[in-house]
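Report on the following structure.
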Amino acid sequence: MFIARFIKYNTPLYKKISGKIKALDNFFLMRPILFFPVWIMTLAGISAANGFVVEELWWSTNIDWLGVMFFLGLTLITSTTFIQGQILHQDRDRINQNNLLIYQKIISEEKARSVANLTIITGMVIIVSSLFIASIIRNESIFFTLVWVFLLYGVWGILFYQGKFLWSMKPILETIGNGLAGLFLFMVGWTYAGGELMTGLIQSIPYVSAFIAVSILTSIPDRVGDEQTNKVTFAIKYGDGTTLAIGTLLICLSTVLGYKFTDPVISTASIITLPFFLVALILRKPRHVLWSIRYPILILGIFVGVRYPWFFVPLIINFYLMRHYYYFRFGVIYPSFSEMPSQPLSHD
């Protein structure tokens, strides 16, 4: 990282900045690394809905401030579920050295739950308010958009982490849940843009396919911590090879369907992504798996951003804010496309 060359770890200036950056701990409890797939899938729904009506949609430079408000509310709602996941899986995070704030007792469970309660309440108020104002201005119904938002929280916030459900501990249900979450995110964007319901469900298939492909691969890098905490993930149950093969097939499906549905965004993004999956499937190296998880998100984000150039602003701000926070708070360069998991892949 550029700034790390000038402000060395543990120097007086580094320690001074580190002391001040602690004020961002509550924000980073929300896991802003996961804002990317939430934002990208939702904006992909908006892009697909608008592109379905205007076939030669190239770009839109208008800033929809109600849309910004809407995305803020959605971000807070999904952040609630990310906090719940950290509370439930803190033993695994300790082994894998992920999500440091809770298991290192920097933030207590009680404080984390308070933050989660605040984000869900604030997020719901913001998103309902933005949709209500938008319905008045545009004279459009907000019903279906709200339904998809509630369904999204129902899966990620309730079925995944609460009560007797705990889908996040069951590989098939976790995969189904992530697929549903991808669908709901896409449909939130699609209906927000005024797209027709049934058409949106069909157009979502290649996006959801790609979303599942990436989500099942995320179970590979964390395999050591999952095994030691008896968490049965897709990769543990079916093996790394099968997981990579299914992910590759899903990306192929996404490419074919995207082309068939004449959607240039997902078809092009998927076909560019496909080599990452093929290389990971053939070589089985940890860095290739990591690239198959992170580059598809980046690539789809770039293609969506081409249609909505203003989208690059929050993407870039979020990325570099994370890089500086994790460097000055914990002395690590994160996120990074070159970061390698600590364990080897199995060759089953």
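The values are calculated or read from the model by the stated rules, or taken from the named source; none is laboratory data. Values in this document were obtained by computation on a predicted structure and should not be read as measured data. With ideal geometry, Cβ positions are generated from the backbone for all residues, glycine too; neighbour counts draw on all protein chains shown.
It is to be established whether one or more residues within region 245-254 are of a type in the set (S, T, N, Q), over 19 Å from Phe144 (Cα atoms) and surrounded by 24 or more Cβ atoms within 10 Å (Cβ to Cβ). Yes, region 245-254 contains at least one residue that is of a type in the set (S, T, N, Q), over 19 Å from Phe144 (Cα atoms) and surrounded by 24 or more Cβ atoms within 10 Å (Cβ to Cβ).
Taking each residue of region 282-307 that is surrounded by fewer than 21 Cβ atoms within 10 Å (Cβ to Cβ) and looking for partners that are in a helix (DSSP H, G or I) and among the acidic types (Asp, Glu) with beta-carbon atoms closer than 8 Å, six or more apart or interchain, yields Arg284/Asp240. Of all residues in region 288-309, how many are touching an Asp or Glu at 6+ places or on another chain (Cβ under 9 Å) and over 30 Å from Leu244 (Cα atoms)? The total comes to 0.
Reported count of residues in region 15-36, each being out of contact with any Leu (no Cβ under 8 Å at 6 or more places or on another chain), assigned to a helix (DSSP H, G or I), touching a residue at least 12 places away in the same chain (Cβ under 8 Å) and not aliphatic (A, V, I, L, M), is 4. Looking only at region 107-158, residues that are among the hydrophobic types (A, V, I, L, M, F, W, C), touching a Leu at 6+ places or on another chain (Cβ under 8 Å) and over 27 Å from Glu174 (Cβ atoms) come to 7 in all.
Considering every residue within region 246-261, establish whether at least one is of a type in the set (Val, Ile, Thr) and in contact (Cβ under 8 Å) with a residue 60 or more places away in the chain. Looking through region 246-261, none of the residues is of a type in the set (Val, Ile, Thr) and in contact (Cβ under 8 Å) with a residue 60 or more places away in the chain.
Looking only at residues of region 72-86 that are of a type in the set (A, V, I, L, M, F, W, C) and touching a residue at least 60 places away in the same chain (Cβ under 8 Å), we find that the one that is farthest from Thr191 (Cα to Cα) is Ile77.
Quick one: is Leu185 assigned to a helix (DSSP H, G or I) and either buried (at least 22 other Cβ atoms within 10 Å of the Cβ) or polar (S, T, N, Q) (or both)? Answer is yes for this residue.
Total residues in region 277-335 satisfying the condition of being in a loop (DSSP other than H, G, I, E, B) and touching a helix residue (DSSP H, G or I) at 6+ places or on another chain (Cβ under 8 Å): the figure is 6.
When you scan region 1-12, do you find a residue that is of a type in the set (Gly, Ala, Ser) and either farther than 30 Å from Lys105 by Cβ or modelled with pLDDT of 95 or more (or both), even just one? The answer is no; no qualifying residue exists. Of the residues making up region 61-79, not a single one is modelled with pLDDT under 95, within 17 Å of the chain's Cα centre (by Cα) and surrounded by fewer than 19 Cβ atoms within 10 Å (Cβ to Cβ). Only a single item in (1) polar (S, T, N, Q); (2) surrounded by fewer than 17 Cβ atoms within 10 Å (Cβ to Cβ); (3) in contact with a Lys or Arg (Cβ under 8 Å, 6 or more places away or on another chain) is not met by Thr233, and it is number (2).
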